[in-house]
1. For the chain, give me the percentage of DSSP beta bridges that are antiparallel, rounded to the nearest 5 percent.
2. Which is farthest toward the positive dipole end of region 65-106 among Q78, A65, M103, measuring Cα position about the Cα centre, with Cβ charges +1 (Lys, Arg) and -1 (Asp, Glu)?
3. Specify the residue with the greatest mean-square fluctuation among E139, E51, E100, computed from a Gaussian network of the chain linking alpha-carbon atoms under 10 Å apart.
4. At a 10 Å Cβ-Cβ cut-off, how would you order I166, I35, I197, fewest neighbours first?
5. Helix-only mean residue ellipticity at 222 nm, the chain, DSSP H runs n ≥ 4 weighted -39,500 (n - 2.57), per residue, nearest 500. What is it?
6. Using a Gaussian network for the chain with springs between C-alpha atoms less than 10 Å apart, which of these wobbles most: E163, E179, E142?
7. Using a Förster radius of 41 Å, what is the FRET efficiency between K119 and E142 based on their Cβ-Cβ separation? Nearest 0.05, please.
8. Size of the dipole of region 35-235 about the Cα centre, Lys and Arg at +1 and Asp and Glu at -1 on the beta carbon, nothing else charged, in debye to 20?
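Please treat every number below as a calculation from the coordinates, not as lab data. Because the structure is a prediction, the values reported are computed rather than measured. Cβ coordinates were reconstructed from backbone atoms using ideal geometry, including for glycine residues, and neighbour counts include every protein chain displayed.
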Amino acid sequence: MSIRTTFRSATLLAFISSLLTVGALHATETQLSAIDIVLKPDATMSNRAQESNARLLKDYPQGFALDASHNPHITLLQRYVKTSDLNKVFDAANSVIRKERPMRWRLNAFKYYYGKGDKTGLAGIVVKPTANLLRLQRELIEAVAPYSVPTGNAAAFVTTPEEPSINKFTIDWVSSYVEKASGKNFNPHVTTGIGTIAFLDKLLAEPFQPFSFSPAGVYVYQLGDNGTARKELTSLGNNPK
């Protein structure tokens, strides 16, 4: 074999090796899961959320229905984690839930709210933050921190043929959740759907009858678009009462 042939062969092998390395790195980058650790509410809150969702769908049929793949929930923590670390994340979060036992708590819902987009908004029912909720969130952040990844992409989320894309706001929000939605910025709520701005303004002007409810369980979900809890990954703490 000539020197020229040997050089060409070595160059080709190096090129193939570099492609494989890039592919492996790309695969590693995309093997992330966007997770949501949530309190699942009891029937009292779930029924109120369903009633609100039905009204929103009449106003904006292109929105989403609360169903088995769009579960009513109160988000405690959203993070990107390596999919290979999910069991470690579950174990860490389990230790917190078993200590805190949040299913014994009573929580209070006191108003509607919505996050404003261009022509529509994402609506919800707001829950009063309590010392218990704030402590639980802080402990979960600390427990999951060793497995958290700063950024992710659409591949970390659940998509379907009916909902094939993840909007940029959702992708960015998971990265910034701890900074923007924890501690003094924590706004516990149950998302109820999407409506037009005109309808949502009328909704917020209506009297709101406060009510109390309890968490029915704590779960980890994989997120879908608009922060929906699309795929249940596990329940935490054996849901002790």
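1. 100 percent
2. Toward the positive end, the furthest listed residue is M103.
3. The residue that fluctuates most here is E51.
4. Result, fewest neighbours first: I197, I166, I35.
5. Only helices count here, giving -13500 deg cm²/dmol.
6. Per the Cα network of the chain with a 10 Å cutoff, E163 tops the list.
7. 0.55
8. 600 debye
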